[in-house]
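Reading through the structure tokens given below for one structure.
Where a number appears in this text, it was derived from the coordinates with a stated rule and is not lab data. Predicted model, so just to flag it, every value in this text is computed and none were measured. Cβ sites come from the backbone with ideal geometry, for glycine too, and all protein chains shown count toward neighbours.
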Amino acid sequence: MSNPDILRENTADPFAGERLKLSPFHERQAALNLRDAWSSWNGYKFADYYYDVDYEYFNIRNLCGTYDICPMQKYLIEGPDAMAMLNRMVTRDVSKLRVNRVTYCCWCNDTGRMIDDGTIFRLDEEKYMLTCGSPCMAWLRKSCLGYDNVTVTEWTENLAALSLQGPTSFATLKTMGFEQVAELKPFGIMHVPFNGTTIMISRTGFTGDLGYELWIDPEHALAMWDALYAAGADFGIQPYGESATNMARLEAGFLMPYMEFNEALKTVNFEYDHTPLELDLGWIVDFKKPHFNGRTALLKQKQEGLKRKLLKLDIEGNKTTEESILYNNKACSHEIGYVTSAMWSPAVKANIAFAFVETKALGGEIWAEIYHYKELRPHRKMALCTIKDKPFWVHPRARQTPPGLT
């Protein structure tokens, strides 16, 4: 199914214009979505889960699974000015990115508030691909002002993409005939022949474990799926949805839009958006490179200090802290922050969370006010929080080259 608008083109359907687009992989995914648990992402029909969220989580932690990233926005940026344009737009130094490499980045408005994060793939000397969670064409076009030799092309529907994550992901690709992937380093790109076309494989992902992303033209998407699932049959391959992804990414310490941060261009209330420094992304803000959007504001914030900061918290007990307010003591004398994402982590065997906390409160205790239900009756408890400096869970094989078969 290479036409994502097939449902929208049904002239007999009075609601055709409101139907969700279908991924090139939808035919295979629909057969495996036993619970019909669908959501939407950028106008695409998108799986929240297929069978059971916990089952899918454990599958990608112990075997391997596929996650459809076709709805992720993709843009080609090409021309002699492509690097200069991107280097002015994003906070990271794109000039350091080599051909066939990928880097994580973010971009801000002039006040340093983060618009979105994503990845940049350097496909050739003057050719890049930017991927991100939300549509960004308007901002990309504005960012091209002043550059005569750069073009931006919407590429989302021209490229089918599937994330393959988990301990047996490399074994699956090797069985598929791609032994050369053994030498692919983290954030590297490799092109391999497949059925008369080419698959681009990047060693990237969102789980903190060994993983890859496979990119192919939509016409060959189902053939790639079938070959991948045939190769992965002995390695436990299963599809997984957004809910399991959210669990894995939180353990790995990755941010999620609309959970950890609001996109600045869509935020109404003052300072309800965030800067990269507040989000603990200072490591991708390069003040040594020339001017970039938001540099002046971010440098001022760095010099004056932050009012709040995103932290990783280990919370006592096993009651999760979704939407919890944080206080400076057990008596809740002063409100000092709030939780953005939380879960009981099966891998870490701990109660973990991301939370924004006022920096002036960082020298003292942090307590979470938790409301939970027991047989329909609400209960309240206070739990002491401990700050963690590193991701909650990242497996060493995520960076090993060659990665091994398990």
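Per DSSP H run of at least 4 residues, take -39500 (n - 2.57); add these up for the chain, divide by its residues and hand me the 222 nm value, nearest 500 deg cm²/dmol.
-5000 deg cm²/dmol
Let me check I've understood the local charge: for P71, count other residues with C-beta under 12 angstrom from its C-beta, Lys and Arg +1, Asp and Glu -1. What total comes out?
0
In percent, what relative contact order does the chain have, based on Cα pairs under 8 Å that are 6 or more apart in sequence?
17
Report the percentage of all Cα-Cα pairs in region 251-306 whose separation exceeds 14 Å, rounded to a whole percent.
Every Cα pair in region 251-306 considered, those over 14 Å come to 61 percent.
Can you tell me the length gained on complete extension of the stretch H334 to T267, counting 0.36 nm per residue apart and subtracting the Cα distance?
21.5 nm
When only DSSP loop residues count, what chymotrypsin sites (Phe, Trp or Tyr not before Pro) in region 212-297 have their Cβ near at most 15 other Cβ atoms within 10 Å?
Y258, F270, Y272, F287
Along Cα→Cβ, 7 Å out, is where each label goes; now give me the distance between the ones at E27 and Y104 in nm to one decimal.
Label at E27, label at Y104, 3.6 nm between them.
Run through region 1-42 and list the chymotrypsin sites (Phe, Trp or Tyr not before Pro) located in a DSSP loop whose Cβ has at most 13 other Cβ atoms within 10 Å.
Counting only loop positions with at most 13 other Cβ atoms within 10 Å, the chymotrypsin sites (Phe, Trp or Tyr not before Pro) in region 1-42 are F15.
I want the antiparallel fraction of DSSP beta bridges within the chain, as a percent rounded to 5.
Expressed as a percentage, antiparallel bridges in the chain total about 95.
For the residue pair S134 and F287, what label-to-label distance in nm results when each label sits 7 Å from Cα along the Cα-to-beta-carbon direction?
With each label placed 7 Å out from Cα toward Cβ, I get 2.8 nm.
Return the lysines within reach of K45: Cα separation strictly under 25 angstrom, same-chain partners fewer than 8 residues apart disregarded; answer none if there are no such residues.
Hits, sequence-local ones excluded: K21, K74, K266.
Using C-alpha positions alone, give me the convex hull volume of the chain per residue in cubic angstrom.
Taking only Cα atoms, the chain has a hull volume of 169 Å³ per residue.
Tell me, Kirkwood radius of region 280-406 from alpha-carbon pair distances, in Å?
17.0
Just to confirm a number: summing +1 for Lys and Arg and -1 for Asp and Glu over residues other than K374 whose beta-carbon lies under 12 angstrom from that of K374, what do you get?
Combined, the nearby Lys, Arg, Asp and Glu give +3.
Using a simple charge model, +1 on the beta-carbon of Lys and Arg, -1 on the beta-carbon of Asp and Glu, nothing else, what dipole does the chain show about its Cα centre, in debye to the nearest 20?
Dipole size: approximately 1300 debye.
Treating cross-link reach as a plain straight distance, find the lysines whose alpha-carbon is under 21 Å from the alpha-carbon of K374, omitting any fewer than eight places away in the same chain.
Those lysines meeting the cut-off are K319.
Taking springs between alpha-carbon atoms closer than 10 angstrom, which of S243, S345, S333 fluctuates most in the Gaussian network model of the chain?
Maximum among the listed residues: S333.
Multiply the residue separation of V394 and W155 by 0.36 nm, subtract the distance between their alpha-carbon atoms, and state the gained length in nm to one decimal.
This chain segment gains 82.9 nm when fully extended.
In terms of Cα to Cα distance under 18 Å, which lysines are near enough to K289, apart from those fewer than 8 places away along the same chain?
K96, K300, K302
What are the semi-axes of the equivalent ellipsoid for region 1-62, taken as the square roots of 5 times the Cα gyration tensor eigenvalues, largest first, in whole Å?
27, 11, 10
Based on other C-beta atoms within 10 Å, arrange D234, D116, D48 from fewest to most.
So the ranking, lowest neighbour count to highest, is D234, D48, D116.
In whole Hz and in residue order, list the ³J(HN,Hα) couplings for region 391-401 that follow from phi through the Karplus curve 6.51 cos²θ - 1.76 cosθ + 1.60, θ = phi - 60°; x for Gly and Pro.
Running phi through 6.51 cos²θ - 1.76 cosθ + 1.60 with θ = phi - 60° gives x, 5, 8, 9, 8, x, 5, 4, 10, 6, 9 Hz.
With point charges of +1 on the Cβ of Lys and Arg and -1 on the Cβ of Asp and Glu, referenced to the Cα centre of the chain, which listed residue (I352, V53, H26) lies farthest in the positive direction of the dipole?
Ranked along the dipole, the leading option is I352.
Let me check I've understood the local charge: for I336, count other residues with C-beta under 14 angstrom from its C-beta, Lys and Arg +1, Asp and Glu -1. What total comes out?
Around I336, the charge tally is +1.
Considering the chain as a Gaussian network with a 10 Å cut-off on Cα pairs, which listed residue, K390, K21, K45, attains the greatest mean-square fluctuation?
Between K390, K21, K45, it is K390 that shows the largest mean-square fluctuation.
Using a 10 Å Cβ count of at most 16 others and DSSP loop calls, identify the longest part of the chain lacking such GluC sites (Glu not before Pro).
127-270
Defining a contact as two alpha carbons under 8 Å apart and six or more residues distant in sequence, what relative contact order in percent does region 296-379 show?
Here the relative contact order equals 34 percent.
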